[in-house]
Amino acid sequence: MPALLASVDPQKLTFRQSQGWTCALCRKPLRADQLLGTVELTYGGGEVTEQVELWVCRPLCREAPDA
Ligand SMILES: [Zn+2]
């Protein structure tokens, strides 16, 4: 789901979204989920980067945007 992943701004994710507790797209608590992809988060003015897996609703809560 690269188009959907590209629509997510990693810097605007909430802590809960980055932990996979809530959907990366709609922010609802996740029950059934699926992996959207991995993004890189940056902290501390660019000193620390972390690979974070993003989880989204299953079935998807949002249509993939037209590429
Ligand atoms: Zn969702």
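Read-outs throughout are calculated quantities, based only on the coordinates presented, and are distinct from any laboratory measurement. In this text, all values refer to a predicted model and were calculated from it rather than measured experimentally. For neighbour counting, all protein chains shown are included, and Cβ atoms are generated from backbone atoms with ideal geometry for every residue, glycine included.
So the values come out like this:
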read-out: Residue that is surrounded by the most Cβ atoms within 10 Å (Cβ to Cβ), among those in segment 9-38 that are within 9 Å of the ligand (Cβ to nearest atom) and part of a strand (DSSP E or B); value: Thr22
read-out: Hits in segment 39-67 (condition: acidic (Asp, Glu) and either more than 14 Å from the chain's Cα centre (by Cα) or exposed (fewer than 10 other Cβ atoms within 10 Å of the Cβ) (or both)); value: Glu40, Glu47, Glu63, Asp66
